[in-house]
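Here's the structure we're looking at; comments come further down.
The values are calculated or read from the model by the stated rules, or taken from the named source; none is laboratory data. Note that this is a predicted model, so its numbers are computed, not measured. Neighbour counts run over all protein chains shown; Cβ positions are idealised from the backbone, glycine included. With ligands, DNA and RNA removed, areas are computed over all heavy atoms of the protein, side chains included. Shrake-Rupley method; radii C 1.70, N 1.55, O 1.52, S 1.80 Å.
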Amino acid sequence: MLNRRSMHRAAVAAALVLAAGAQAQTKEVTFAHQDMLVPLRLVMESGEVEKATGYKIHWRMFGGGGDVIRAMASGNVQMGEVGSSPLTAAASQGQDIRLFWVSADIADAEALVARNGSNVNTLADLKGKRVGVPFVSTAHYQLMAALKAAGVDARQVNVNNMRPPEVAAAWERGDIDATFIWDPVLTKVKGNGKVIATSGSIGKQGHPTFEGIVVDAKWAAANEAFMVAFVKALDRANAEVRAGLKGWTPDSPQVKAVAKWTKADAKDVPAGMALYTFPTLQEQLSATWLGGGAAKAMAGTAEFLKEQGRVQEVKPSYANFVTDVYIKKALGQ
């Protein structure tokens, strides 16, 4: 039997082990990424955040924003890349996450494409047709918004829940007549299809969408230095893309990096990235994005999600799910 002194020593040792474990845990983070053609891929390839912070980043690829949000809710993932629609769904359900970076204004980087020979030339022609789209994604949100604006009853359209790789496979087999999707699948389907609408054209009708990076709120607060370093790396990559994209070729190292992490064809990367708009640090802080616009877009998206039965309630405000603190610290404000 242990005496009191031995028990005390054992307790102290156990406490030290736990403390060391907690400290080690803060030096690791799991990031859920997708396949969008965005500057984040350059950060992933460079390893610059790991070098600057000493953290080990586990990059895990997911098929859609809904999957990312579920992984974060489980506690297995601390940071992730999501579109505004799954972000809004998570916020509406009370998930304690924060949007801290707008990866891209989606602009024309997502589109509704109808297969050649499907006899689909307008949104109204989708009645009775099979459409593949990842549910609760920005593409799904805009598809439904576009149908509503065109006076088309979505119940008359056979909308199928498919992740991007599943969309590509279904398109190849001829199983679907249309899809609302992003690159790298978008470029593939355009080769045998016609663009009916884009995220940009639908956004101008009052349904804007964006890609963002979110983080577990508690984890971010406990790892502020990492967050600031991550933001600085994202800004550097954005600047590199804005400055050099027009001159990049399939052989450019930046293009090869994006292709590697997204499984896209390198020859399609420059044109695909050109469909997005990547905000600067100052633009991130503006009223367009983290300064109010992102929360406003989320509120509009939430109304749609409630209509679709995807969320039970719409928050009075989504501002609490958006933070500019890490960008301001990166700027020294």
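Just checking, does the stretch 152-163 include any residue being within 19 Å of the chain's Cα centre (by Cα), crowded, with 16+ Cβ neighbours inside 10 Å and not in a strand (DSSP E or B)?
Yes.
Cβ-Cβ under 8 Å, sequence separation 6+ or interchain: first residue in the stretch 143-169 and touching a residue at least 40 places away in the same chain (Cβ under 8 Å), partner aromatic (Phe, Trp, Tyr) and surrounded by 15 or more Cβ atoms within 10 Å (Cβ to Cβ). Which pairs?
Met144/Phe304; Ala145/Phe304; Pro164/Trp182
Tell me, which residue of the stretch 164-184 that is of a type in the set (Asp, Glu) and assigned to a helix (DSSP H, G or I) is farthest from the chain's Cα centre (by Cα)?
Glu172
Return the residues of the stretch 169-184 that are surrounded by fewer than 20 Cβ atoms within 10 Å (Cβ to Cβ) and not charged (D, E, K, R); say none if nothing qualifies.
Selection gives Ala169, Ala170, Gly174.
Glu166 is checked against (1) modelled with pLDDT of 95 or more; (2) crowded, with 20+ Cβ neighbours inside 10 Å; (3) closer than 23 Å to Lys263 by Cα and fails just one. What number does that condition carry?
Going through the list (1) modelled with pLDDT of 95 or more; (2) crowded, with 20+ Cβ neighbours inside 10 Å; (3) closer than 23 Å to Lys263 by Cα, Glu166 breaks only (2).
Restricting attention to the stretch 45-84, which residues are touching a Pro at 6+ places or on another chain (Cβ under 6 Å) and among the β-branched types (Val, Ile, Thr)?
Answer for the stretch 45-84, where residues must be touching a Pro at 6+ places or on another chain (Cβ under 6 Å) and among the β-branched types (Val, Ile, Thr): just Ile69.
Counting only residues that are open to solvent by less than 40 Å² (accessible area, probe 1.4 Å) and among the hydroxyl-bearing types (Ser, Thr, Tyr), how many does the stretch 313-325 have?
Qualifying residue count, the stretch 313-325: 2.
Residues in the stretch 45-53: is at least one touching a helix residue (DSSP H, G or I) at 6+ places or on another chain (Cβ under 8 Å), in a loop (DSSP other than H, G, I, E, B) and farther than 19 Å from Ser199 by Cβ?
no
Within the stretch 62-87, how many residues are farther than 24 Å from Val228 by Cα and in contact (Cβ under 8 Å) with a residue 12 or more places away in the chain?
Selection size over the stretch 62-87: 7.
Would you please list the contacts, defined by Cβ atoms under 6 Å and residues six or more apart or on different chains, that run from a residue in the stretch 205-233 that is under 24 Å from Thr277 (Cβ atoms) to a residue that is aliphatic (A, V, I, L, M) and surrounded by fewer than 16 Cβ atoms within 10 Å (Cβ to Cβ)?
What qualifies is Gln205/Ala149.
Could you tell me which numbered condition Gln333 fails, if it satisfies all but one of (1) at pLDDT below 95; (2) assigned to a helix (DSSP H, G or I)?
(2)
Among the residues that make up the stretch 273-290, is at least one of them closer than 21 Å to Leu186 by Cα and part of a helix (DSSP H, G or I)?
Yes; the residues of the stretch 273-290 include at least one that is closer than 21 Å to Leu186 by Cα and part of a helix (DSSP H, G or I).
Answer yes if at least one residue in the stretch 66-83 is in contact with a helix residue (DSSP H, G or I) (Cβ under 7 Å, 6 or more places away or on another chain), under 27 Å from Phe321 (Cα atoms), modelled with pLDDT under 95 and open to solvent by 10 Å² or more (accessible area, probe 1.4 Å), and no otherwise.
Within the stretch 66-83 (the criterion being in contact with a helix residue (DSSP H, G or I) (Cβ under 7 Å, 6 or more places away or on another chain), under 27 Å from Phe321 (Cα atoms), modelled with pLDDT under 95 and open to solvent by 10 Å² or more (accessible area, probe 1.4 Å)), the answer is yes, since at least one residue qualifies.
Of everything in the stretch 267-312, what is polar (S, T, N, Q), crowded, with 18+ Cβ neighbours inside 10 Å and modelled with pLDDT of 95 or more? Give them in sequence order.
Gln284
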